[in-house]
Amino acid sequence: MPVLAVIGAQWGDEGKGKVVDMLAERAKVVVRFSGGDNAGHTVINRYGKFGLHLVPCGIFYPETTCIIGNGVAINPATLLSEIDLLNNHGISTGNLFISDRANLIMPYHLLLDKLEEESRGDNAIGTTLRGIGPVYADKVARRGIRAGDLLDEKVFLERLKLILEYKNVVLTKVYGAAPLSLDDVYSQYCRYAERMVPHIRETTVMIDKAIQRNQPVLLEGAQGTLLDPDFGTYPYATSSSPLAGGASIGAGIGPTKIDAVLGVFKAYVTRVGAGPFPSELKDKVGDSIRERGHEFGTTTGRPRSCGWFDAVAARFSTRINGFNAAAITRLDILDGFPSVKICTGYRLGKDKLDDFPSRIDILEKCQPVYEELPGWKTPVGDVREFNHLPAEARQYVTRLEEFIDCPVNIISVGPSREQTIEVKPLVRHGFFP
Ligand code: IMP
């Protein structure tokens with residue numbers, strides 16, 4: 001049962017795209033299980049550089065089945081333009097399937113995301129404005145439109161009519177915005193349906209078959225643990241679960257079928273959008289990490305706040321997800337710093353907190369307690385074996401491993417696939433045969 005979930009362990013943008021792309025080559029099925037086009041995975045491979053938002057990274061391998069799971073919120077316009085982009089680069093999307101249970105992002109979700117953000121004023125969450133909060137709110141309010149609804153135009157029309165009537169009341173009466181036309185939305189989505197329907201399936205059956213055949217299945221996470229609506233820095237969070245538990249629900253796989261949960265940690269921390277970030281560096285070091293790491297959002301282009309590795313948050317992430325494997329990415333970005341720091345605890349007044357607090361009003365007041373380690377002078381980008389890393393870099397990674405409290409299997413030292421150190425192969429899970 002080689003099923004592996006790859007989970008963002010921080011606030012997203014940990015470099016999961018590269019890790020998933022690497023592992024996807026060895027998988028038979030790759031499933032996206034949460035989020036929507038708020039996510040952006042940069043993949044650099046022999047076809048070029050791609051910013052994928054919805055299509056799983058396995059799409060570059062024609063033998064790999066790629067699934068957009070039930071837990072994903074799909075903006076059809078984004079999906080179709082991604083399909084076009086891939087096809088224009090000679091990459092087939094015949095192996096792409098969409099869960100009939102996945103909710104669709106509708107035009108009113110985009111409008112409401114913007115209107116709700118504006119109405120929050122100074123308390124705005126800093127969403128990606130991709131309609132994510134509104135679409136997941138509708139899902140749990142049982143007011144969603146799912147990919148499966150597109151399979152029958154009559155069913156779709158009836159459902160849209162019912163929902164749009166309500167949404168237009170909210171748009172006009174709550175926000176004073178213009179109503180949406182049923183005819184326009186209906187015909188627009190019927191056009192999308194023409195191209196989406198051939199990809200729509202009951203995908204849990206497909207995944208189960210692969211598991212029964214003992215084929216490697218990769219569950220591709222989006223966003224990161226600290227953006228989870230339950231365990232993240234609520235309300236500065238996203239609206240679907242990026243956790244290992246979310247992988248089970250969002251792909252439709254029983255938890256006992258997931259063998260390994262690999263947490264992806266960046267060697268430092270970044271965050272985009274509002275919300276507390278205890279180890280944030282609002283100084284030249286932070287600026288330097290941002291510049292070196294090109295830390296600007298793949299989806300929105302916004303500059304990311306940068307800070308030192310937060311071991312308190314990392315331990316929490318391991319606990320909540322049950323990581324039994326880890327990847328450390330972007331180690332090369334820390335090349336050349338005279339010293340590197342790890343936030344090992346939070347100071348709150350006279351107290352020291354060792355656990356990540358659930359309340360943001362507390363987290364906002366937390367001061368980082370740092371452990372300082374020597375930096376390394378030699379660049380690590382060409383290193384392919386752990387023992388060939390500069391001693392200081394080895395010491396840093398070993399210290400992170402102690403804090404993360406699970407084995408570090410992969411270290412990424414640059415954007416290309418080759419710039420990877422496979423420290424402890426994931427042999428047992430069939431991903432590194
Ligand atoms: P939303 O998911 O667009 O509603 O945004 C909610 C919060 O999650 C904001 O702070 C976003 O910046 C953040 N967020 C959403 N998706 C990502 C991502 O893929 N990477 C990093 N942050 C994200």
Q: Rounded to whole Å and sorted largest first, list the principal axis extents of the Cα atoms in the stretch 290-433.
A: 47, 36, 35
(Q) Can you list residues from other chains, or at least 5 along the same chain, whose modelled amide H is less than 5 Å from the amide H of Ala5? (A) Leu219, Ala260, Val261, Leu262
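How big is the shadow of the Cα convex hull of the stretch 1-115, averaged over all directions, in nm²? Walk me through the intermediate numbers first.
Values: hull surface 31.2 nm².
The Cα convex hull of the stretch 1-115, projected and averaged over all directions, gives 7.8 nm².
On the protein heavy atoms, probe 1.4 angstrom, tell me the percent of accessible surface of the chain carried by carbon and sulfur.
Numbers: 9080 of 17760 Å².
In the chain, the share of accessible area belonging to carbon and sulfur is 51 percent.
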**Q.** Helix axis angle, 311-321 relative to the chain longest principal axis, alpha carbon, degrees
**A.** 50 degrees
**Q.** Alpha carbon centroid spacing (whole Å) that separates the stretch 1-80 from the stretch 354-431
**A.** 22 Å
Q.
Before I look further, what does the chain give for accessible area per residue, probe 1.4 Å, in whole square angstrom?
A. 41 Å²
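In terms of solvent-accessible area of protein heavy atoms at a 1.4 angstrom probe, what is the ranking of Leu157, Leu262, highest value first?
Details: Leu157 60, Leu262 0 Å².
Output order, biggest surface exposure first: Leu157, Leu262.
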Q: Work out the P(r) tail for the chain: percent of alpha carbon pairs separated by more than 37 Å, whole number.
A: 23 percent
Q.
Between 0 and 90 degrees, rounded to the nearest ten: what's the tilt of helix 153-169 against the longest Cα principal axis of the chain?
A. 70 degrees
Q) Where does each of Arg399, Arg319, Arg101 land when they are ordered by accessible area, with a 1.4 Å probe and the largest first? A) Arg319, Arg101, Arg399
Q | Interchain or long-range residues, amide H under 5 Å from Lys266's placed H | A | Thr329
Q | Rg and Dmax of the stretch 198-275, Cα atoms only, in Å | A | 14.9, 44
**Q.** Span from the the stretch 91-114 Cα centroid across to the the stretch 121-177 one, whole angstrom
**A.** 13 Å
Q | Sorted peptide list for 29-40, 113-124, criterion being average Cβ within 10 angstrom, highest first | A | 29-40, 113-124
**Q.** Packing-based order for 164-177, 2-15, using average beta carbon neighbours within 10 Å, highest first
**A.** 2-15, 164-177
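Mind jotting down a quarter of the surface of the convex hull over the alpha carbons of the stretch 103-199, in square nanometres, one decimal?
Working: hull surface 25.5 nm².
Computing the convex hull of the Cα atoms and averaging its projections yields 6.4 nm².
Going down the list Lys350/Lys377; Lys16/Lys365; Lys139/Lys161; Lys114/Lys282; Lys282/Lys352, which pairs span over 25 Å between their C-alpha atoms? Walk me through the numbers before you get to the answer.
Values: Lys350/Lys377 37 Å; Lys16/Lys365 30 Å; Lys139/Lys161 17 Å; Lys114/Lys282 28 Å; Lys282/Lys352 22 Å.
Violating the 25 Å Cα-Cα cut-off are Lys350/Lys377; Lys16/Lys365; Lys114/Lys282.
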Q) Against the longest principal axis of the chain, how steep is helix 203-212, in degrees 0 to 90 to the nearest 10, with axes from Cα atoms? A) 50 degrees
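The values are calculated or read from the model by the stated rules, or taken from the named source; none is laboratory data. Just so it is clear, the structure is predicted and the values come from calculations on it, not from any experiment. Cβ atoms come from the backbone with ideal geometry, glycine included; neighbour counts cover every protein chain shown. All accessible areas refer to the heavy atoms of the entire protein, side chains included, with ligands and DNA or RNA removed. Shrake-Rupley method; radii C 1.70, N 1.55, O 1.52, S 1.80 Å.
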